[in-house]
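The values are calculated or read from the model by the stated rules, or taken from the named source; none is laboratory data. Source: prediction; values computed, not measured. Cβ placement follows ideal geometry from the backbone for every residue including glycine, while neighbour counts extend to all protein chains displayed.
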Amino acid sequence: MAGGYTHVTLVQLAIEEAVHRRSLLHDEAAQALQLWKKYAIIGSMGPDYPYLDVADTSSAAWAAAMHSRHVLDFVREAARRIRILPDKNIRQKCTAWLFGFASHCVTDGTVHPVVNRKVGPYEQNKTEHRCCEMSQDVLVHAQLNLGAIELNGQISFNVAETSDGSNRLRIDHDIAVLWRGALNAVWRGGRTDNPFSLSGAMDRLKQWTGSTPAEGLPAPDPDQWHRAMWRMLKLAESGGQLVPFARHAAANAGVTYPAKPELQYVRNLEVPGNRRMDFEQVFVHAKQNTVAFWGDLSLFLQGKPSPLDNMAGWSLDDGIDHNEHYVFWS
């Protein structure tokens, strides 16, 4: 998948573009991304959050679930829940978080086919994946004009600011309710303590995909994942350099960020369609895909006809849907 700093960089640049794109977003979504930007930044790390909870194998299982083809069903389920939230502030911060989460899904779906072509599938080439994605992180994070210390500080600040008001080691309560509820609806047959639970989630899921995801996952714990993220970023702040805070950290292979990107991982990369691009071009393509997806998500949030209504889900690990189609490289 794309590295953690790539996700954090891309979502911020995508926000700058999306809010100035006339008619792309409805007013409330545009306001949400500007007023609650920190939630979008944290959301952009959402599918990777559980990877940092390395002591709990169930967290890794949830990370794997959120990288499966059913993750688009999660986005749709979360959007349905956001629609019915009565409080505007809660609705907007949940919207911003979901837009960030969606940016992660789209970015992985765009970048990972390129990484796979360079170094092979992740499970058989974990070290090579980390080296590749870390070089790409080093290359693109400079677009924010922040050094390692400043960027780590920004991310750590946003994690703190999206914590629960009474306990900084817990994620914002409204985000936790949304996240747990949608995860339970999609992956645990609707078993949930969420007061905004919607009935029939599994029936809808089977209608969209022709199947239901594997059951047996334990109750999700976003607060536990948030604590793990908080602790990792506190280490990052004190170290003064880029540190792995996504799947790289969980793999525990001793790989550290290079001072400069290795050119083999960022230059003349093969992309789907028998083309080649430098990683800067791949990054721009991922940003464009994200902004376009946000436009579709904006329609879906309003209950209007949207391409998301019938869109096939993709695996975040390879960007391929159940029709063996590269979703973001057509």
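Couple of notes before you dig in:
- Residues satisfying the stated conditions in the range 40-73, i.e. more than 12 Å from the chain's Cα centre (by Cα) and assigned to a helix (DSSP H, G or I): Y51, L52, T57, S58, S59, A60, A61, W62, A64, A65, D73
- Condition met for W36 (under 23 Å from K304 (Cβ atoms), of a type in the set (F, W, Y) and more than 12 Å from the chain's Cα centre (by Cα)): yes
- Residues in the range 289-330 that are over 21 Å from A14 (Cβ atoms), in contact with a Phe, Trp or Tyr (Cβ under 9 Å, 6 or more places away or on another chain) and either in a loop (DSSP other than H, G, I, E, B) or of a type in the set (A, V, I, L, M, F, W, C) (or both): N310, A312, D317, D318, I320, H322, H325.
- Residue pairs whose Cβ atoms lie under 8 Å apart, sitting 6 or more positions apart in sequence or on different chains, and linking a residue in the range 245-269 that is at pLDDT 95 or above to a partner that is in a loop (DSSP other than H, G, I, E, B), are V266/D278; R267/D278; N268/D278; L269/D278.
- So G109, is it touching a helix residue (DSSP H, G or I) at 6+ places or on another chain (Cβ under 6 Å), at pLDDT 95 or above and assigned to a helix (DSSP H, G or I): no
Okay, residues lined up against (1) in contact with a Lys or Arg (Cβ under 8 Å, 6 or more places away or on another chain); (2) surrounded by 14 or more Cβ atoms within 10 Å (Cβ to Cβ):
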position: P261; (1), (2): no, yes
position: V271; (1), (2): yes, yes
position: R275; (1), (2): no, no
position: E280; (1), (2): no, yes
position: F283; (1), (2): no, yes
position: V291; (1), (2): yes, yes
position: L297; (1), (2): no, yes
position: K304; (1), (2): no, no
position: L308; (1), (2): yes, yes
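- The sole residue among S163, S103 that is farther than 25 Å from F293 by Cβ, at pLDDT 90 or above, surrounded by 19 or more Cβ atoms within 10 Å (Cβ to Cβ) and under 19 Å from the mean Cα position of the chain (by Cα) is S163.
- On inspection, V19 qualifies as modelled with pLDDT of 95 or more and either in contact with a Ser or Thr (Cβ under 6 Å, 6 or more places away or on another chain) or among the β-branched types (V, I, T) (or both).
- Qualifying residue in the range 90-97 (condition: out of contact with any helix residue (DSSP H, G or I) (no Cβ under 8 Å at 6 or more places or on another chain) and surrounded by fewer than 18 Cβ atoms within 10 Å (Cβ to Cβ)): no
- Condition check for D73: buried (at least 23 other Cβ atoms within 10 Å of the Cβ), touching a residue at least 60 places away in the same chain (Cβ under 8 Å) and not aliphatic (A, V, I, L, M): yes
- Cβ pairs under 8 Å, 6+ apart, first in the range 19-42 and without any contact (Cβ under 8 Å) to a residue 24 or more places away in the chain, second not in a helix (DSSP H, G or I): V19/L25; A30/V19; Q34/V19
- The set of residues in the range 22-34 that are part of a loop (DSSP other than H, G, I, E, B) and either surrounded by 15 or more Cβ atoms within 10 Å (Cβ to Cβ) or at pLDDT 95 or above (or both) comprises L24, L25, H26.
- Selection of the range 112-130 for residues being closer than 12 Å to Q264 by Cα and crowded, with 23+ Cβ neighbours inside 10 Å yields only V115.
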